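The values are calculated or read from the model by the stated rules, or taken from the named source; none is laboratory data. In this text, all values refer to a predicted model and were calculated from it rather than measured experimentally. Virtual Cβ from ideal backbone geometry, glycine too; neighbours counted across all protein chains shown. Side chains are part of the model used for accessible areas, which takes the heavy atoms of the whole protein and leaves out ligands, DNA and RNA. Shrake-Rupley method; radii C 1.70, N 1.55, O 1.52, S 1.80 Å.
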Amino acid sequence: MTAPVALRRAQPGDLAAIMPIEAASFHRPWREQTFASLLDRPDKDVLVATLDGTVVGYAVLTAQAGDAELANLAVDPGHRRRGISTALLRRCLKILQDRGERWVFLAVRASNDAAFGLYQAFGFDEIGRHAGYYRNPTEDAVIFGLEVDRAHPR
Ligand SMILES: CC(C)(COP(=O)(O)OP(=O)(O)OC[C@H]1O[C@@H](n2cnc3c(N)ncnc32)[C@H](O)[C@@H]1OP(=O)(O)O)[C@@H](O)C(=O)NCCC(=O)NCCS
């Protein structure tokens, strides 16, 4: 029987598991050094989701110009559509709520239907676009925002 998803802060030893998920998830993946530089910073949160001790997803919360930003979120392709990012996002919102943050923002490729479905299910609204922001392939960034206290319960 598979244990339910567990969530914890990422440690340096998790990077080896995070990097293949990152490579499988994005056209322009973050470098390992970028993740490493965010660990153990009180103003950043790198969370991992594990199943039976194996890292299957992660989320990164940062701040951009004073606003909370969900800077990265990905789940291993073999473990998608099982509620793992829902669990990660729920925990991120709890962290932000406990910290007294009012809003959280994120940017996503305009063609990313899975992410649109996920964020809209939590109550994120599209608040803007950056035309041609992404490269390889060129595509608009859609900016989503959510008032933390008004997140839809999931
Ligand atoms: C987007 C992503 C993080 C979703 O992770 P996940 O663990 O599969 O998501 P969940 O199982 O928690 O799904 C939650 C909701 O999101 C929506 N959703 C998730 N995958 C979807 C898909 N392929 N198509 C449409 N809606 C989808 C649904 O509303 C879903 O609820 P439901 O299953 O009850 O219908 C995952 O597909 C992924 O890692 N994609 C590549 C990286 C990425 O795009 N990250 C987000 C941009 S930063």
*Which of these, Tyr58, Tyr133, Tyr119, has the largest mean-square fluctuation under a Gaussian network model of the chain (Cα springs below 10 Å)?*
Tyr133
*asked:* Through the Karplus equation 6.51 cos²θ - 1.76 cosθ + 1.60, θ set to phi - 60°, convert the phi angles of segment 62-77 into ³J(HN,Hα) values in whole Hz; use x for Gly and Pro.
replied: 9, 10, 10, 6, x, 9, 5, 10, 7, 8, 7, 7, 7, 10, 3, x
_Sequence-separation-based contact order of the chain, relative, with Cα cut under 8 Å and 6+ spacing, percent_ = 18
*What's the carbon and sulfur percent of segment 3-141's accessible surface, probe 1.4 angstrom, rounded to a whole number?*
49
*State the Cα centre-to-centre distance between segment 34-96 and segment 10-27 in whole Å.*
11
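Helix-only mean residue ellipticity at 222 nm, the chain, DSSP H runs n ≥ 4 weighted -39,500 (n - 2.57), per residue, nearest 500. What is it? Walk me through the numbers on the way to the answer.
Working: 4 runs with 43 residues, N = 154.
Roughly -8500 deg cm²/dmol at 222 nm, from the helical runs in the chain.
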_Residue among Arg80, Arg102, Arg41 with the largest mean-square fluctuation in a Gaussian network model of the chain, springs linking Cα atoms under 10 Å_ = Arg41
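Once R0 is set to 35 Å, what does the formula 1/(1 + (r/R0)^6) return for the Cβ-Cβ distance between Gln33 and Asp98, expressed as a FRET efficiency to the nearest 0.05?
Values: r = 29 Å, r/R0 = 0.83.
The formula returns an efficiency of 0.75 here.
Counting only heavy atoms of protein chains, what accessible area per residue, in Å², does the chain have with a probe of 1.4 Å? Don't jump to the answer; show the numbers that get you there.
Values: 8640 Å² over 154 residues.
Here the per-residue accessible area is 56 Å².
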